[in-house]
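FYI, it's all coordinate maths here, none of it is from the lab. Keep in mind the model is a prediction, meaning the values are calculated, not measured. A quick note on method: Cβ atoms are made from the backbone with ideal geometry, for glycine too, and the neighbour counts reach across all protein chains shown.
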Amino acid sequence: MMKRLDRNNLEANRQHYKAIMMFRIVNNLVDIQSQHILLPARVHTRGHANRFLVLFAIHDAHKYFFFPSCIRIWNSLLEATIMAPSHDVFKIRMDVLMP
C-alpha cells in the first residue's frame, strides 16, 4: 500500500500538502484572511526573506493547529522553492524536496 501512495509515510504526505496549501495562502490563491496570523519575521539571518513568526502555543491543542505547524514547514523550505512562479512549479519543486 505504501508503494501505491508513493510516499515514505503519512507524516511526509501531510507535510507535503501543508506546504502546498501554505503556498496557496501566501500567494492569495485561496480566500483565507491570514494577515493577522502570518506575521513576517523581522530578522533574516538564516533562511529566506519570506519567513513568518512561529505562533506561540501554550496548549497542545493550539500547538498542532494548521498554521503553527505549517509555518515551521514553510520556514524550513529553500528560497528557490517558495519563490516558484506558479502553483504547478511549486508542486514539482516540492516533489524533488520530499520524494
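Each Lys and Arg contributes +1 and each Asp and Glu -1, all at the Cβ; summed about the Cα centre of the chain, the dipole is approximately 180 debye. Taking Cα atoms only, the orientation of helix 87-97 departs from the longest principal axis of the chain by about 70 degrees. Placing dummy labels 7 Å off each Cα toward the beta-carbon, the span from ALA80 to LEU97 is 1.2 nm. Residues of the chain were split at every exposed loop site, defined as trypsin sites (Lys or Arg not before Pro) in a DSSP loop with at most 12 other C-beta atoms within 10 angstrom, and the longest piece left, sites excluded, is 47-99. What angle do you read, to the nearest 10 degrees and between 0 and 90, between the alpha-carbon axis of helix 10-26 and the longest principal axis of the chain? Between the helix axis and the principal axis of the chain, the angle is about 50 degrees. Computed from the C-beta positions of HIS87 and ALA61 and an R0 of 35 Å, the FRET efficiency is 0.70 to the nearest 0.05.
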